[in-house]
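Beneath this line is the structure, given in structure tokens, with notes to follow.
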Amino acid sequence: MIKTIATTPYTDQKMGTGGLRKKTKVMMQPNYFENFIQSIFNTIGDLRGKVFIVGGDGRFFNDIAIQKFIKMAAANGVAKLIIGQNGFVSTPAGSNILLKNHTDGGFVFSASHNPGGENGDFGVKYANATGGQVPTSITDKIYQISKEIKEFKIYESDDIDISKIGTQKLGDMIIEVIDPIKDYVEMMEKIFDFEALKQLFKKGFTMRFDAMNAVTGPYAIRIFEEILGAAKGSVVHAQPLPDFGGLHPDPNLVYAKELVDFMYSDQAADFGAANDGDGDRNMILGKKFFVTPSDSLAILTDNYKLIPAYANGIYGVGKSAATSTAVARVAKAHNIGYYEVPTGWKYFVNLMDSNRITFCGEESFGTGSSHIREKDGIWAVLFWLSIIAKTGKSVEEITKEHWGKYGRSYYMRFDFEGISTEVGDTLMKDLENKLPSLKDKTFEGFTIEKAAPFIYNDPVDHSTTQNGLIVYFTDGSRIVYRLSGTGSSGATIRVYLERYSLKDLNQDPRDMLQNLSKAAMIIAEIPERTGKHQADVVT
Ligand code: VG1
Ligand code: CO
């Protein structure tokens, strides 16, 4: 039976960089999740005939959220839901299923790389028919509606069994439960040369993939161990757990510490990688070697010819403004398009849809291509393994040769976390106001050539977005400041540092960036305003 339930609006349902992200307990408040889903449904309008794909990264509240979603979709007249078995689907697999089935949209319940559990975070990523997360014009509309919502519709019924593959019905709505891994594997087999990868493992190549107790474990076991023949046990933390076993599923040097320690030990495998909670981020490691995500994007782009799906040519490449300029040099050398966009994968969607770019990446451990409209952790790992298989070189050799050819962008990101929203906002406003006056000033030996907000004009829909402030120095170094849009409380200030060197290739990034980081603190008055003399997280 369809029920219409009266509700009162919450006023904080504004989507950030990767959807709506909140403390799990906030999401679990009465009608909170329902209000938000109904706001999306109301934004879409007529739901008759519409088909959506639904799943999540398995974190705490995922099972409850999916049941609520199914019942609300049925009550709102949705024609069909395609659901990942047991309610699991990674963000890239979801985008693939969405595109493959020409569905009208997709919902992935995940707070991505944020911790899970009752005291962690929960989130909703909402994609439209493009396969990518919806543009700001739509998230703004959802937010407006959420502030005025008065009722939502829900079907009263028992929970639906989504553990078995097959088709069933709730009211008039069809529910198809699928194996999300199968389609994903098929897609990867079309992109990469699986035979070459099998040969690599046959020769004794070793890898460790850390799934961080999140959604990619079963995908990684199927692909790396069962299909490609990596040794049993190559995939660790493979069991998706509601609280990720206490891990913070953010694949970087800080949070993927166990993998990093292993890869820097004498027992290290030939190759190491980790993915985040919902499987769209990746970290790449060699033996005692770390590849920055910015370098990774540049190296993948430079080697596109080694991959069957791209061998005939790629359109171009995109990067977020905060990502280092390493890939710009590759784009120039290959004479392909090059685009710089605001932070957030949704800004790549128009560029991919209009055949302007094939590859894209962000400094936050995201790389991907136009095979889907989200970043893709396992895709990046397979790409790296393919380069290794085709060149016979190690991760370190591949990266160092790249620097030898193009020079090296030393790169680090500093996060200042747990700052009050007011302090964060004021710091950014004041800094923006003083940017014009910084020209020609010198800080710690670095002279400013230009300082300006980053403003993006989308060449397809002509929308304008301002995101972050960039200080350019005369030697090509850059500092980017921006506020995080994925936090579930307070503000996080991100400071991104980049310094280019053509000859000095083997320095410690901390040494190379020490003075620039001091300049960054002074320019934005970070210690005075936040009381912090050091970043909370450095990646
Ligand atoms: C962060 C990253 C950004 C990424 C976003 C979503 O956003 O910096 O590059 O696109 O997370 O990632 P912010 O606003 O906190 O800096 V995730 O893996 O949704 O899926
Ligand atoms: Co993610």
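Quick notes on this structure:
- Test for Lys503: is it over 22 Å from Asp415 (Cβ atoms), surrounded by 14 or more Cβ atoms within 10 Å (Cβ to Cβ), over 29 Å from the mean Cα position of the chain (by Cα) and not β-branched (Val, Ile, Thr): no
- Pro453 fulfils the conditions (1) closer than 24 Å to Pro436 by Cβ; (2) not in a strand (DSSP E or B) except for a single criterion, (2).
- Residue within region 262-282 that is over 23 Å from Asp193 (Cα atoms), charged (D, E, K, R) and buried (at least 21 other Cβ atoms within 10 Å of the Cβ) present: yes
Results for (1) of a type in the set (Val, Ile, Thr); (2) touching a residue at least 60 places away in the same chain (Cβ under 8 Å), shown as yes or no for each residue.
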| position | (1), (2) |
| --- | --- |
| Pro218 | no, yes |
| Ile223 | yes, yes |
| Leu253 | no, yes |
| Leu259 | no, no |
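- In region 376-404, residue farthest from Gly277 (Cα to Cα) [restricted to those that are touching a Lys or Arg at 6+ places or on another chain (Cβ under 9 Å) and surrounded by fewer than 16 Cβ atoms within 10 Å (Cβ to Cβ)]: Glu401
- So Ala309, is it surrounded by fewer than 24 Cβ atoms within 10 Å (Cβ to Cβ) and under 24 Å from Leu385 (Cα atoms): yes
- In summary, Thr301 fulfils each of the numbered conditions (1) of a type in the set (S, T, N, Q); (2) over 24 Å from Lys405 (Cβ atoms); (3) crowded, with 24+ Cβ neighbours inside 10 Å; (4) away from ligand 1 (no atom under 16 Å from the Cβ) with the single exception of condition (2).
- In region 240-293, counting only strands (runs of 3 or more DSSP E) that sit wholly within it, the ones holding 1 or more residues that are within 15 Å of ligand 2 (Cβ to nearest atom) span 271-275, 282-286.
- Every residue from region 29-70 that is free of Cβ contacts under 8 Å to residues at least 40 places away in the same chain and either touching an Asp or Glu at 6+ places or on another chain (Cβ under 8 Å) or not aromatic (Phe, Trp, Tyr) (or both): Gln29, Pro30, Gly45, Asp46, Leu47, Arg48, Gly49, Asp63, Ile64
- Residue match in region 78-96 (condition: touching a residue at least 24 places away in the same chain (Cβ under 8 Å), farther than 26 Å from Met188 by Cβ and either outside any strand (DSSP E or B) or hydroxyl-bearing (Ser, Thr, Tyr) (or both)): yes
- Any hit, region 407-424, residues being more than 13 Å from ligand 1 (Cβ to nearest atom), part of a loop (DSSP other than H, G, I, E, B) and touching a Lys or Arg at 6+ places or on another chain (Cβ under 8 Å): yes
- Of the residues making up region 48-68, at least one is in contact with a Gly (Cβ under 6 Å, 6 or more places away or on another chain), surrounded by fewer than 23 Cβ atoms within 10 Å (Cβ to Cβ) and assigned to a loop (DSSP other than H, G, I, E, B).
Only the coordinates and a few stated rules stand behind these numbers; no lab work does. Because the structure is predicted, anything quoted here is derived from the model rather than measured. FYI the Cβ positions are ideal-geometry reconstructions off the backbone, even for glycines, and counts take in every protein chain you see.
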